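J.: Please find one structure pasted underneath; my questions will follow.
The values are calculated or read from the model by the stated rules, or taken from the named source; none is laboratory data. Just so it is clear, the structure is predicted and the values come from calculations on it, not from any experiment. Positions of Cβ are generated from backbone atoms using ideal geometry, with glycine treated the same way; all protein chains shown enter the neighbour counts.
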Amino acid sequence: MRKSIAQKLTSSLLRSKSSRATAQVSAESSASIADVSQSTHSAATSRNIRELSVRLDDYLERVDLSGDAVELDVISMSRQIEKVKKYTNGALPDAVVPYSMNEDDFGMVKVAAWSAKAVYASDTAHTEHIARPEEISDYFPTQHSEKIDASFRDGTVKATRIQMFSAQKEGLPSRLLVVAIRGSTSKRRDWTINFDDVGKGTEGEGFVDIEDRKYQVHGGFLECAKAMVEKVSDSISSILSKAGTRSTDGDFRLLFTGHSAGGAVASLLYAHMVSRNSSRLTELSSKFASVDCIVFGAPPVSNPALDPPGEGSTFLSIINEGDPVPRMDKDYIESLLMIYICPEPRAALTWELPQMLLNNGGTALFMKDGEENLCAVADDVGQKKIRRVLETTIFGNPRAHKMDMYLWKLGLVKGLF
């Protein structure tokens, strides 16, 4: 079957950073995007796909590098974001409703979010507008921490901070160790190149496979996770040693977290540790009462989905409404760019979206606009309903990908930002 010009262009853009870098972004082209012909064979469509791809890619890269506010022309694209809302599937459906979560678990989500933000900062103080962990949970950070620097040469090792917390409340594990992994390490390994690996999954044998359950895993993120096993193991062991922790203590909880690409790698390291495949990291699992993972805005990583190993382990993927990254793969990129350049629908219309090539890890929970609580679909067995929501809803607001937006919706931001 012949590919459309849009498909050919998008595939080319996903493969080549240099071709994207040659595209010039102008205010004039930004203003004309909504008026482009819907024909996938027009020169105007081709040009605008190229320009929007550059701008979207650049925005997501910078968010992933900083985890902070990013002021770029791409997302002066308010017209495109408003256009998404005009489609009948441009927002989460009514079936997505508040999810019941106890206070202790919600506190753990907030600690994970704080840590996922802190790893972007040069120190743990970060900005004044973020609430401290002891203000929003029953844990406070201790002096015990370790840092892993990013490998800028090949980008496989992502900047990581391992921080020990102590409990302020009885009935909880007295100490919590959080492994927070930052997003992309350099613009040379950009988002769309990462996504070009989607659909070409690498075998998870020896890393995340469990007994007769075999996985196809995103090759780029798997490469990062494998490169980080030894460094993360060394840092965890170092903190446990400094804290005087014995392997028989059994009162430690380990939590993996991260935002964006960092969340994808955190998910794979968690899945590896609980899989009991042989490594220095899996050998450390016996030192913890539980091993958990909570990630934010993380892209899909595997097929089938990575699941918690059973009762007693928490694995959550928090998704902000509109954030395109948890839905991103090469087919979705093309569909989203086509939405941006097509005329605004004049009547009720549903935009048909491609099926997901890979799955998000763990239990997906949404941060729905207008809702204070985390949300899910009721009576969702095996995440089938959530997957259907992800496959049929347009996630087309790149602003929603910022970690600050996740913090704000969780109530961690003091005032406006």
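J.: How many residues, within the range 150-177, are among the acidic types (D, E) and modelled with pLDDT of 90 or more? Can you show your working first?
T.: Taking the range 150-177 first, the residues among the acidic types (D, E) are 154, 170.
Filter once more, so that each one left must be modelled with pLDDT of 90 or more: none.
The qualifying residues number 0.
J.: In the range 134-163, which residue that is more than 20 Å from G244 (Cα to Cα) and of a type in the set (D, E, K, R) is surrounded by the most Cβ atoms within 10 Å (Cβ to Cβ)?
T.: Taking the range 134-163 as the starting set, the residues that turn out to be more than 20 Å from G244 (Cα to Cα) are 134-138, 148-160.
So of that shortlist, the ones also of a type in the set (D, E, K, R) come out as 134-135, 138, 149, 153-154, 158.
Numbers: E134: 14, E135: 12, D138: 20, D149: 11, R153: 10, D154: 13, K158: 27.
Filtering the range 134-163 for residues that are more than 20 Å from G244 (Cα to Cα) and of a type in the set (D, E, K, R), the one surrounded by the most Cβ atoms within 10 Å (Cβ to Cβ) comes out as K158.
J.: Among the residues of the range 378-395 satisfying the criterion of being surrounded by 16 or more Cβ atoms within 10 Å (Cβ to Cβ) and in a loop (DSSP other than H, G, I, E, B), which is farthest from the chain's Cα centre (by Cα)?
T.: Checking each candidate, the answer is D380.
J.: Additional query: Go through the residues of the range 323-339 one by one and say whether even a single one is at pLDDT 90 or above and assigned to a loop (DSSP other than H, G, I, E, B).
T.: yes
J.: Let me ask something else about it. Right, P308: at negative phi and in contact (Cβ under 8 Å) with a residue 60 or more places away in the chain or not?
T.: no
J.: Go through (1) farther than 15 Å from Y270 by Cα; (2) among the hydrophobic types (A, V, I, L, M, F, W, C); (3) crowded, with 24+ Cβ neighbours inside 10 Å and name the single condition L306 misses.
T.: Every listed condition holds for L306 apart from (1).
J.: Could you figure out which of (1) within 22 Å of G262 (Cα to Cα); (2) touching a Gly at 6+ places or on another chain (Cβ under 6 Å) isn't true of D404?
T.: Single failed check for D404: (2).
J.: Regarding the range 114-136, can at least one residue be identified that is within 24 Å of K409 (Cβ to Cβ), aromatic (F, W, Y) and in a loop (DSSP other than H, G, I, E, B)?
T.: The first filter runs over the range 114-136 and keeps only residues within 24 Å of K409 (Cβ to Cβ), leaving 114-121, 124-136.
From what's left, aromatic (F, W, Y): 114, 120.
With the extra rule that they be in a loop (DSSP other than H, G, I, E, B), the set shrinks to 120.
The answer is yes, given that some residue of the range 114-136 is within 24 Å of K409 (Cβ to Cβ), aromatic (F, W, Y) and in a loop (DSSP other than H, G, I, E, B).
J.: A follow-up question, please. Residues in the range 359-377: is at least one among the basic types (K, R) and not in a loop (DSSP other than H, G, I, E, B)?
T.: No, the range 359-377 has no match at all.
J.: Take the range 282-301 and flag every residue that is within 22 Å of E230 (Cα to Cα), buried (at least 24 other Cβ atoms within 10 Å of the Cβ) and touching a His at 6+ places or on another chain (Cβ under 9 Å).
T.: Result: V295, V301.
J.: With the requirement that a residue be outside any loop (DSSP other than H, G, I, E, B), modelled with pLDDT under 95 and in contact with a helix residue (DSSP H, G or I) (Cβ under 9 Å, 6 or more places away or on another chain), what does the range 83-109 give you?
T.: Answer for the range 83-109, where residues must be outside any loop (DSSP other than H, G, I, E, B), modelled with pLDDT under 95 and in contact with a helix residue (DSSP H, G or I) (Cβ under 9 Å, 6 or more places away or on another chain): K83, V84, G107.
J.: Give all pairs with beta carbons closer than 9 Å in which a residue from the range 281-300 that is farther than 22 Å from H218 by Cα meets a residue that is assigned to a helix (DSSP H, G or I) and of a type in the set (F, W, Y); count only pairs at least 6 apart in sequence or on separate chains.
T.: If the second residue must be assigned to a helix (DSSP H, G or I) and of a type in the set (F, W, Y), the pairs left are V291/Y270.
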